[in-house]
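The values are calculated or read from the model by the stated rules, or taken from the named source; none is laboratory data. Computed from a predicted structure; not experimentally measured. Backbone-built Cβ (ideal geometry, glycine too); neighbour counts: all protein chains shown.
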Amino acid sequence: MFDDIDTELKTRLESLIKALEDRIEAAISSDDVLAETAGILRSIPGIGPVASTMLIAEMPELGAITGEEAAALVGLAPMARESGTLRGKRAIAGGRRALRHGMFQAALVAAHHNPTMKTFADRLRNAGKPHKVIIIAIARKLITLANALSKTRQKWVSSPI
C-alpha cells in the first residue's frame with residue numbers, strides 16, 4: 001500500500017520538477033541576452049545547466065563587476081578573522097549561500113573534467129592542500145572566469161597544456 005503511494009508521490013514530484021525546469025529553460029531561451037549568457041557559461045567545463053541557471057538567477061551583476069567583487073558576492077573571497085581564537089586566520093564568509101553551494105558542485109565537476117582546473121587542482125593537491133581548500137579555490141576561479149567571459153561576451157576556449 002505505501003509503496004504505491006511512494007511511487008505516485010515520486011512520479012508526481014518528478015513531473016513537477018520537470019515542468020519547472022522546462023519553464024526556467026523557456027524563460028532563459030526567450031530572452032536573447034540571457035540565452036547568450038547561458039551559452040557562454042555552459043561553455044566552461046564544469047558549469048552545466050543548473051550552475052548556469054543559478055548564476056543567471058542569483059547573480060544579475062555577473063559581467064558588470066570585477067572578479068574580486070564576484071568572488072565576494074558568492075562568498076568565495078577570503079576574509080581575515082580579527083577576533084577570537086582564529087585571529088589572523090582567513091576563511092570564506094558571507095555571500096550568497098545557495099550560489100556558493102552551486103559553485104562548489106561545479107568546482108567538483110571542473111576538477112575532473114576541465115583540463116585547466118584539473119591541472120590547478122593537481123598542483124594544489126601535490127602541495128598538500130586539503131580537499132576543501134582545493135574546491136574553494138577552483139570555485140573562485142570558476143566564478144572569476146564566468147564573470148570575465150560574461151563581460152567580454154566570449155565563450156571559453158581550452159588552452160593547450
Unmet criterion (only one of (1) in a loop (DSSP other than H, G, I, E, B); (2) modelled with pLDDT of 95 or more) for Gly95: (2)
Among (1) at pLDDT below 95; (2) surrounded by fewer than 17 Cβ atoms within 10 Å (Cβ to Cβ) - the single one Lys151 does not satisfy: (1)
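Does Thr85 qualify as being modelled with pLDDT under 95, over 13 Å from the mean Cα position of the chain (by Cα) and not in a loop (DSSP other than H, G, I, E, B)?
Judged against the criteria, Thr85 is not a match.
Here is a list: Arg100, Arg123. Which entry is basic (Lys, Arg) and at pLDDT 95 or above?
Going through Arg100, Arg123 in turn, just one is basic (Lys, Arg) and at pLDDT 95 or above: Arg123.
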